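Below is one structure, written out as structure tokens, with a few remarks after it.
Computed from the coordinates by the stated procedures, all read-outs in this text should not be read as laboratory data. These numbers come from a predicted model, not from an experiment. Cβ placement follows ideal geometry from the backbone for every residue including glycine, while neighbour counts extend to all protein chains displayed.
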Amino acid sequence: MNSLTIDPQDDVSAIIAMFRAQLKDPTRPFTLLVRFQTADSHWTNAESAFAVARKSTLKEKGVVAFELNRDASNPSRFVVYERWRSLADLEEHLRTPYITKLRDEFNQIIVGAPEFIVLTPAAE
């Protein structure tokens, strides 16, 4: 059995380990949905912060899609749709300065914990 050592100061490693456990082959493309809610008065802050990070993210070689979607019935609920060529590409993305900044900004405005859903292609 393989053991994984995670630096407690490195939350990116913990996030990647969580996703790796759900992927049969981390070298293959996958989709990630991230659902979260902001405090009522902060939904425009989420959109602005995401827009800044999105510009740089779309230049990354491993990204296929990176989109913020707002719930039509509640403007403070969001879903981020991400498509990555591999788990290594996502890890590289999570370690960029602009995503570190985005995560810090989101941590200030998100209510509760975000929900992560990992999806793999049903057929290729």
In terms of Cα to Cα distance under 29 Å, which lysines are near enough to LYS101, apart from those fewer than 8 places away along the same chain? LYS55, LYS59, LYS61
Value at 222 nm in deg cm²/dmol, rounded to 500, when DSSP H runs of n ≥ 4 in the chain each add -39,500 (n - 2.57): -11500 deg cm²/dmol
In nm, what is the difference between 0.36 nm times the number of residues separating VAL118 and ALA72 and their Cα-Cα distance? 14.3 nm
Label zone at MET18, where the point sits 7 Å out along the Cα-to-Cβ direction: region 44-63 residues whose backbone N lies under 11 Å: none
Can you list which of the trypsin sites (Lys or Arg not before Pro) found in region 7-77 are DSSP loop residues with at most 12 other C-beta atoms within 10 Å? LYS24, LYS59, LYS61
Taking Cα centroids, how far is region 29-77 from region 79-118 in Å? 9
Stretchable slack from VAL111 to THR27, in nm (0.36 nm times residue separation minus alpha-carbon distance): 27.0 nm
Normalised by the residues of the chain, what does the relative contact order come to in percent, with Cα pairs under 8 Å and at least six apart? 38
Which of these, PRO97, PRO26, PRO114, has the largest mean-square fluctuation under a Gaussian network model of the chain (Cα springs below 10 Å)? PRO97
Step by step: find N for region 25-124, compute 2.2 N^0.38 Å, then divide the Cα radius of gyration by it. What's the final number? 1.07
